Amino acid sequence: MLHKIQAEKFGSRGEGMAHAVEACVHCGFCLPTCPTYLTMGEEMDSPRGRIFLMKEVLEGNLSVDQAAPYVDRCLGCLACETSCPSGVRYGHLISPYRAYAQKNRKNNLFQKTFRWLLMESLPHPGRFRFLLQMAVFSRPLQGLLPRMLRSPLSLLPKTIPKEDDLPEIFPAKGDQRARVALLTGCAQQVLAPEINRATLRVLSENGVEVVIPKSQGCCGALAMHLGEVERAKISARKNLEVFENAGPLDAIVTNAAGCGSGLSEYRDLFHGEPEEERAKNLFALVQDVSLFLHNLGLKKPSGWPEPRKIAYHDACHLSHAQGVREAPRELLRSIPNLILMEPLEWEVCCGSAGTYNLEHPETADLLGQRKAKNLADTGADAVATGNIGCLVQVRNQLEKTGSNIHVFHTMQILEEAYRNGA
Ligand code: SF4
Ligand code: SF4
């Protein structure tokens with residue numbers, strides 16, 4: 001029954017959806033790792049509950065709007081995939097379902113405007129920077145705004161960093177060992193341009209030449225997350241062309257887990273379409289920078305004269321969506337005098353999850369506070385992570401608790417460890 005409905009409504013992607021539904025044996029092993037189940041304790045806010053709800057909608061027993069509150073609260077963190085012993089690919093269900101639901105639901109004017117604002121600003125660094133500058137300027141008026149608008153503003157940095165105009169080629173230091181292209185990340189290049197700089201220096205230090213194509217655009221992850229599949233395809237087609245024209249590459253490296261996972265989804269996005277082969281070729285090249293350096297063999301950094309305790313925070317889109325857990329830890333462990341600390345509940349999302357902390361600020365705050373406590377309890381001096389969204393969320397949540405623990409990208413820690421020996 002479900003297979004038939006899927007094929008009619010979703011074409012080739014329907015197969016993945018049907019598999020996800022049918023592979024679920026309702027065992028509940030995923031429940032303790034699901035952040036919404038952990039915080040709300042409701043079956044319908046668990047992976048098992050959501051799989052059931054989506055199935056009911058697809059079989060016509062429930063309307064999209066009836067299921068919407070529960071499906072909307074899903075962070076898309078994919079912790080349920082990591083913990084599922086039956087191999088349920090929840091991501092194969094939720095992504096196409098969201099695209100379907102987006103077309104068939106009744107959004108109110110506020111929701112429509114908010115989503116439009118996100119789509120028209122975040123993936124465009126120039127517009128995003130302008131919007132942030134306006135928001136920072138109007139910070140004194142924040143108290144007059146409704147909660148829904150106040151929460152995103154509370155995530156803003158105190159000042160907006162200066163734009164960093166990256167070169168098109170960043171040369172390798174010494175003998176060249178590899179040539180890669182870097183995806184610079186829309187929000188990251190505005191909020192923390194120093195992360196891309198640090199990444200370039202670390203890659204260069206390791207004998208890697210980096211090409212940074214000027215015409216690259218948003219990876220499309222935001223559009224996918226919001227169920228705007230046609231918009232996501234426009235971004236994806238552009239990037240396919242840009243990276244195909246970047247010359248011979250050993251990898252396309254990403255340093256924002258959300259973007260890396262977005263690029264990796266092109267294969268599914270174009271499943272059964274003319275671009276499928278090209279998307280597969282791109283997928284074969286995409287690697288998080290930590291995994292790329294680990295596989296290449298990291299040049300030993302000098303480290304620090306005194307021991308430093310660094311806690312590692314797993315970004316869901318790196319650990320669950322891309323399965324990259326050990327590589328960043330190994331890189332950090334290779335730094336002399338770095339003591340790697342592991343927080344409790346490594347697998348539980350910090351509440352950032354793309355635009356989740358903008359759309360569901362209360363749940364995001366609960367999760368953020370839980371994460372901040374677990375990280376602070378390690379006794380670490382600083383936190384390392386591999387995603388700009390997590391970095392902003394964890395930094396803000398730690399600040400709220402009065403903690404002075406700084407949060408860095410893993411590449412920033414490595415860059416400092418090399419600089420110390422220069
Ligand atoms: S662990 Fe897997 S099979 Fe079990 S309820 Fe969760 S999704 Fe279904
Ligand atoms: S993706 Fe995350 S929030 Fe959504 S059901 Fe799975 S574990 Fe829960």
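Val136: at pLDDT 90 or above and either more than 16 Å from ligand 1 (Cβ to nearest atom) or of a type in the set (Ser, Thr, Tyr) (or both), yes or no?
Details: at pLDDT 90 or above: no; either more than 16 Å from ligand 1 (Cβ to nearest atom) or of a type in the set (Ser, Thr, Tyr) (or both): yes.
Against the criterion (at pLDDT 90 or above and either more than 16 Å from ligand 1 (Cβ to nearest atom) or of a type in the set (Ser, Thr, Tyr) (or both)), Val136 does not qualify.
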**OP:** Could you please give the count of residues in segment 381-418 that are free of Cβ contacts under 8 Å to residues at least 24 places away in the same chain and of a type in the set (Lys, Arg)?
**Re:** 1
**OP:** Name every residue in segment 91-143 that is farther than 30 Å from Ser264 by Cβ and polar (S, T, N, Q), in order of residue number.
**Re:** Asn108, Thr113, Gln133, Ser138, Gln142
**OP:** Scan segment 231-245 residue by residue and report those that are surrounded by 20 or more Cβ atoms within 10 Å (Cβ to Cβ), under 14 Å from Val286 (Cα atoms) and of a type outside the set (Phe, Trp, Tyr).
**Re:** Ala236, Asn239
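Name the helices (runs of 4 or more DSSP H) wholly within segment 251-354 that hold at least 1 residues that are closer than 30 Å to Thr33 by Cα and in the same structural domain as Thr410 (by TED's automatic domain parsing)?
Details: elements: 257-264, 266-269, 276-285, 289-296, 316-319, 326-333.
Helices (runs of 4 or more DSSP H) meeting the threshold: 316-319, 326-333.
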Original post:
Taking segment 16-66 only, how many residues are within 12 Å of ligand 2 (Cβ to nearest atom), in a helix (DSSP H, G or I) and surrounded by 16 or more Cβ atoms within 10 Å (Cβ to Cβ)?
Top reply: 19
Original post:
Which residues, taken from segment 163-212, are touching a strand residue (DSSP E or B) at 6+ places or on another chain (Cβ under 8 Å) and in a helix (DSSP H, G or I)?
Top reply: Ile195, Asn196, Ala198, Thr199, Leu200, Leu203, Ser204
Original post:
Pick from segment 376-402 the residues that are among the hydrophobic types (A, V, I, L, M, F, W, C) and under 19 Å from the mean Cα position of the chain (by Cα): which of them is surrounded by the fewest Cβ atoms within 10 Å (Cβ to Cβ)?
Top reply: Val392
**OP:** Check whether at least one residue in segment 100-117 is part of a loop (DSSP other than H, G, I, E, B), over 18 Å from Ala67 (Cα atoms) and within 21 Å of the chain's Cα centre (by Cα), and report yes or no.
**Re:** no
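Quick check: anything in segment 221-228 at pLDDT 95 or above and either buried (at least 21 other Cβ atoms within 10 Å of the Cβ) or touching a His at 6+ places or on another chain (Cβ under 8 Å) (or both)? Can you show your working first?
Of all residues in segment 221-228, those at pLDDT 95 or above come to none.
The answer is no, given that none of the residues of segment 221-228 is at pLDDT 95 or above and either buried (at least 21 other Cβ atoms within 10 Å of the Cβ) or touching a His at 6+ places or on another chain (Cβ under 8 Å) (or both).
So, in segment 184-220, exactly how many residues are of a type in the set (S, T, N, Q) and either under 21 Å from the mean Cα position of the chain (by Cα) or crowded, with 23+ Cβ neighbours inside 10 Å (or both)?
Applying the first criterion (of a type in the set (S, T, N, Q)) to segment 184-220 yields 184, 188-189, 196, 199, 204, 206, 215-216.
This time we only want the ones that are either under 21 Å from the mean Cα position of the chain (by Cα) or crowded, with 23+ Cβ neighbours inside 10 Å (or both), so: 184, 188-189, 196, 199, 216.
The qualifying residues number 6.
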Original post:
Residues of segment 314-324 being crowded, with 18+ Cβ neighbours inside 10 Å and not acidic (Asp, Glu), which ones?
Top reply: Ala315, Cys316, His317, Leu318, Ser319, His320, Ala321, Gln322, Val324
Original post:
Can you name the number of the only condition in (1) loosely packed, with under 13 Cβ neighbours inside 10 Å; (2) modelled with pLDDT of 80 or more; (3) within 23 Å of Glu399 (Cα to Cα) that Pro146 fails?
Top reply: (2)
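Provide a single number: the residues in segment 382-422 that are among the aliphatic types (A, V, I, L, M), assigned to a helix (DSSP H, G or I) and out of contact with any Phe, Trp or Tyr (no Cβ under 8 Å at 6 or more places or on another chain). Walk me through it before giving the result.
Of all residues in segment 382-422, those among the aliphatic types (A, V, I, L, M) come to 382-384, 388, 391-392, 394, 398, 405, 407, 411, 413-414, 417, 422.
Now restrict to residues that are assigned to a helix (DSSP H, G or I): 388, 391-392, 394, 398, 411, 413-414, 417.
If we keep only those that are out of contact with any Phe, Trp or Tyr (no Cβ under 8 Å at 6 or more places or on another chain) as well, we get 388, 392, 394, 398, 411, 413-414.
Within segment 382-422, residues that are among the aliphatic types (A, V, I, L, M), assigned to a helix (DSSP H, G or I) and out of contact with any Phe, Trp or Tyr (no Cβ under 8 Å at 6 or more places or on another chain) number 7.
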Original post:
Of the residues Gly368, Gly297, which single one is modelled with pLDDT of 95 or more and within 16 Å of ligand 2 (Cβ to nearest atom)?
Top reply: Gly368
**OP:** Could you please tell me which pairs satisfy a Cβ distance under 6 Å, a separation of 6+ or placement on different chains, a first residue in segment 76-89 that is over 20 Å from Asn357 (Cα atoms) and near ligand 2 (Cβ under 9 Å from one of its atoms), and a second residue that is part of a helix (DSSP H, G or I) and of a type in the set (Gly, Ala, Ser)?
**Re:** none
**OP:** All but one of (1) at pLDDT 85 or above; (2) closer than 30 Å to Gly247 by Cβ hold for Leu122, so report the exception by its number.
**Re:** (1)
Original post:
Checking Cys74 against (1) part of a helix (DSSP H, G or I); (2) within 17 Å of Gly227 (Cβ to Cβ), which test does it fail?
Top reply: (1)
Original post:
Does Ala417 fit the bill of being surrounded by fewer than 22 Cβ atoms within 10 Å (Cβ to Cβ) and farther than 20 Å from Thr82 by Cβ?
Top reply: no
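The values are calculated or read from the model by the stated rules, or taken from the named source; none is laboratory data. The shown structure was predicted, so the numbers you read here are calculated from the model rather than taken from an experiment. Neighbour counts run over all protein chains shown; Cβ positions are idealised from the backbone, glycine included.
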